[in-house]
Amino acid sequence: MSHMDVAARDPGRWQGDVMRKPVLPHPHLIILRTAATVVISCLIGQAGWAAAFIGGARVYVPYHQVGAVVTLVVSILSAVVYLVLRRSAGPVNVGLAVGLALAVVAQYVMGEAGMTSLHIFWGVLMVGLGTALTSWTYRHEMPSEASAS
């Protein structure tokens, strides 16, 4: 297939015989998307460690315990990033980031208190909330007033 065939299907991608370079998103969006990606990665990692030791491999309990502290710190720092960049992030993303950080704090407290059943259920809800934050963040575009300042 020639580049002309590709250009016919996607005329914005080609300019004559030269492909346009991709345009990076605004730096604030890069920061917010990175923060969301790190948080969801921590949450998924925690679910994996938990699944491993619930499945009988008790050797992974310390990994889950260390991961809990890492996830707690990362989620709080992420919420701070969203608050600092709140004009760029928008109210939905800020609310999701702060809500997720509060949920992680509650999750940590439940784990320390030995509330295993609630801890597991809450963890599932947190992964859903983390997925929502990631999805909304990656679909978010800069508000015109935030990009102008």
On the given criteria, is Ala89 surrounded by 13 or more Cβ atoms within 10 Å (Cβ to Cβ) and at pLDDT 95 or above? yes
Of the numbered conditions (1) closer than 15 Å to Ile31 by Cα; (2) touching a His at 6+ places or on another chain (Cβ under 9 Å); (3) part of a helix (DSSP H, G or I), Gln107 satisfies every one except a single condition; which is it? (1)
Could you give every pair whose Cβ atoms fall below 8 Å, whose first residue belongs to segment 14-33 and is modelled with pLDDT under 95, and whose second residue is loosely packed, with under 13 Cβ neighbours inside 10 Å, counting only separations of at least 6 or pairs across chains? Trp14/Arg20; Met19/Arg13; Arg20/Gly12; Arg20/Arg13; Leu24/Ile30
Test of understanding: among Leu72, Leu43, which residue is in contact (Cβ under 8 Å) with a residue 24 or more places away in the chain, assigned to a helix (DSSP H, G or I), among the hydrophobic types (A, V, I, L, M, F, W, C) and farther than 18 Å from Thr131 by Cβ? Leu72
Those residues of segment 84-102 which are in a helix (DSSP H, G or I) and more than 9 Å from Leu133 (Cβ to Cβ) amount to Val84, Arg86, Arg87, Ser88, Ala89, Pro91, Val92, Val94, Gly95, Val98, Ala101, Leu102
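Table: residues versus (1) closer than 23 Å to Thr137 by Cα; (2) in contact with a strand residue (DSSP E or B) (Cβ under 9 Å, 6 or more places away or on another chain); (3) hydrophobic (A, V, I, L, M, F, W, C).
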| residue | (1), (2), (3) |
| --- | --- |
| Ile40 | yes, no, yes |
| Ala47 | yes, no, yes |
| Ala52 | no, no, yes |
| Pro62 | no, no, no |
| Ala68 | no, no, yes |
| Val73 | yes, no, yes |
| Ile76 | yes, no, yes |
| Arg86 | yes, no, no |
| Gly99 | yes, no, no |
Do we find that Val81 is more than 18 Å from His26 (Cα to Cα) and in a helix (DSSP H, G or I) in this structure? no
Out of Gly123, Gly99, Gly128, report the one residue that is without any contact (Cβ under 8 Å) to a residue 60 or more places away in the chain, among the small types (Gly, Ala, Ser) and either surrounded by 14 or more Cβ atoms within 10 Å (Cβ to Cβ) or touching a helix residue (DSSP H, G or I) at 6+ places or on another chain (Cβ under 6 Å) (or both). Gly99
For the structure I just gave you, tell me whether Pro143 is under 17 Å from the mean Cα position of the chain (by Cα) and either surrounded by 15 or more Cβ atoms within 10 Å (Cβ to Cβ) or not hydroxyl-bearing (Ser, Thr, Tyr) (or both). no
Is it fair to say Ala103 is hydrophobic (A, V, I, L, M, F, W, C) and closer than 18 Å to Tyr138 by Cα? no
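The values are calculated or read from the model by the stated rules, or taken from the named source; none is laboratory data. It should be emphasised that the depicted structure is a prediction, and the values quoted were computed from it without experimental measurement. Cβ sites come from the backbone with ideal geometry, for glycine too, and all protein chains shown count toward neighbours.
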